[in-house]
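The values are calculated or read from the model by the stated rules, or taken from the named source; none is laboratory data. Predicted model only: the values in this text are computed from it and were never measured. Here Cβ is always computed from backbone atoms with ideal geometry, including for glycine, and neighbour counts include all displayed protein chains.
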Amino acid sequence: MKQNYQTIDAAAMALGVPEPVTVAVGEIVADVREGLLAMAVGTGLQVMAAMMDADVTAVCGVKGNDDPARTAVRHGTEKGSVALGGRRMPIERPRMRAVDGSGELSVPSYELFSSTEVLSRMAMTKMLAGISTRGWHNGLEPVGEHVERTATSTSKSAVSRRFVAATETALAELLAARWMSWTWWR
């Protein structure tokens, strides 16, 4: 069975990364005042949006051109969220539907960025380092005021649920592993 990180790495290789990416400098000027990390986060969110748009364009074709050979059509946007610095950040994600009517198609870059594996790993690492769920906010990186205001999944109970799920998964993997030799304990 493939591990989740293996499928994510394979998905990352299949992403439609646009060659030129234009960043709206005016939108990140406010982030500059909050520090380099906040500016990097603002820029990263713009690049992520460009990557999702490139994925949709690769499947649906250029917006406004009616290509009869396309396999999917654009289907607006929907609320979604991505993992960002130990939080969930709400975003607008693009949608695509298959031309043959078989249903909605996934956007590979959104699937990669919306994975909660990073949040679970971060919860496990911080808990093992001694940061409690009550002190979770103090252990997060400063990513900018806008992200702080809109971020979710940082409550004590959400962090605790992620930690419990991560430890259950780690324990199940440990118990399912084949032991090389049981002679060490006899």
Out of segment 50-95, which residues are closer than 11 Å to Tyr110 by Cα, of a type in the set (D, E, K, R) and touching a residue at least 60 places away in the same chain (Cβ under 8 Å)? none
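Table: residues versus (1) hydroxyl-bearing (Ser, Thr, Tyr); (2) at negative phi.
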residue: Gly42; (1), (2): no, yes
residue: Asp55; (1), (2): no, yes
residue: Pro94; (1), (2): no, yes
residue: Glu104; (1), (2): no, yes
residue: Glu117; (1), (2): no, yes
residue: Ala123; (1), (2): no, yes
residue: Ser132; (1), (2): yes, yes
residue: Gly144; (1), (2): no, no
How about segment 137-163: which of its residues are over 23 Å from Gly44 (Cα atoms), hydrophobic (A, V, I, L, M, F, W, C) and in contact with a helix residue (DSSP H, G or I) (Cβ under 8 Å, 6 or more places away or on another chain)? Val159, Phe163
Being in contact with a Pro (Cβ under 6 Å, 6 or more places away or on another chain) and closer than 18 Å to Thr150 by Cβ narrows it down to one residue among Thr77, Thr43; which is it? Thr77
Looking only at segment 122-139, count every residue that is loosely packed, with under 15 Cβ neighbours inside 10 Å and closer than 14 Å to Ala170 by Cβ and tell me the total. 2
Suppose the filter is without any contact (Cβ under 8 Å) to a residue 12 or more places away in the chain, assigned to a helix (DSSP H, G or I) and either out of contact with any Pro (no Cβ under 8 Å at 6 or more places or on another chain) or not hydroxyl-bearing (Ser, Thr, Tyr) (or both); does Val164 pass it? yes
Among the numbered conditions (1) under 21 Å from Ala40 (Cα atoms); (2) in a strand (DSSP E or B), tell me where Ser109 comes up short. (2)
Report, by residue number, each residue of segment 35-87 that is touching a helix residue (DSSP H, G or I) at 6+ places or on another chain (Cβ under 7 Å) and within 14 Å of Val99 (Cβ to Cβ). Arg70, Thr71, Ala72, Val73, Arg74
When you scan segment 49-94, how many residues do you find that are crowded, with 19+ Cβ neighbours inside 10 Å, part of a loop (DSSP other than H, G, I, E, B) and not small (Gly, Ala, Ser)? 0
Taking Ala49, is it under 17 Å from the mean Cα position of the chain (by Cα), among the small types (Gly, Ala, Ser) and at pLDDT 85 or above? yes
Look at Arg97 and say whether it is surrounded by 12 or more Cβ atoms within 10 Å (Cβ to Cβ), modelled with pLDDT of 80 or more and under 17 Å from Val41 (Cα atoms). no
Of residues in segment 113-137 being outside any loop (DSSP other than H, G, I, E, B) and of a type in the set (S, T, N, Q), the one nearest to the chain's Cα centre (by Cα): Ser120
